[in-house]
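Data block below; observations after.
The values are calculated or read from the model by the stated rules, or taken from the named source; none is laboratory data. All values reported here derive from a predicted model rather than from experimental measurement. FYI the Cβ positions are ideal-geometry reconstructions off the backbone, even for glycines, and counts take in every protein chain you see.
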């Protein structure tokens, strides 16, 4: 097993700790905030904008990262420096999570631990509270905000869409893939019953009141009832070992 591990990706870090090798992780990226112990680790920066020097200065034996880490030239520099590199998938689905756990476990030579963790998550998934047979699913608009406060509305093929689907609610916007800037017209068309936003995104948009003041929101069912729900973003979008908790949390808050 590697003695010094650097990780990039919140779910990768969470999986490493869940596998029991958290004390071997010597650095992680800015998204890695769970468990709490990961926040005390040296920070290698944003996982999409890494620098080779910062990672190599930690003298890692292995660098475990998602397929979203980059930029590519930095990954090439790390590989050229002789660092063992292990890329893991980040597909936002249940099967994607199991593949991610197995890939991380293989990277640190703990395949048996990985299978045990997969089995534990599978058991938790089976134990989730059964869904009611709702003919009319709650329509949820997922809002993401960048540092400048610009709001985006999630379409399909995103981690947000994945978690909403697993929670048994309907993504209010399915006419496009990815994220698009929030507009009054788009919000009215989406007509969400509830607006869901990552907790850390509330700061840039000036809180729940800021969401309610966004273009078109006041004309939607969610705006009229002021139903804005915030959930920890790592739990909500990470698709890590706490996925069953994320699903149940969304169900409890928006249904």
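Data overview
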quantity	calculated
Filtered residues of the stretch 103-125 (kept if crowded, with 16+ Cβ neighbours inside 10 Å and in contact with a strand residue (DSSP E or B) (Cβ under 9 Å, 6 or more places away or on another chain))	103, 104, 107, 108
Residue in the stretch 84-104 that is touching a residue at least 40 places away in the same chain (Cβ under 8 Å), under 21 Å from the mean Cα position of the chain (by Cα) and over 16 Å from residue 241 (Cα atoms) present	no
Residues located in the stretch 94-129, provided they are within 23 Å of residue 70 (Cβ to Cβ) and modelled with pLDDT under 95	none
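Table: residues versus (1) more than 11 Å from residue 141 (Cα to Cα); (2) touching a strand residue (DSSP E or B) at 6+ places or on another chain (Cβ under 9 Å); (3) surrounded by fewer than 17 Cβ atoms within 10 Å (Cβ to Cβ); (4) without any contact (Cβ under 8 Å) to a residue 12 or more places away in the chain.
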| residue | (1), (2), (3), (4) |
| --- | --- |
| 183 | yes, yes, yes, no |
| 191 | no, yes, yes, no |
| 204 | yes, yes, yes, no |
| 211 | yes, yes, no, no |
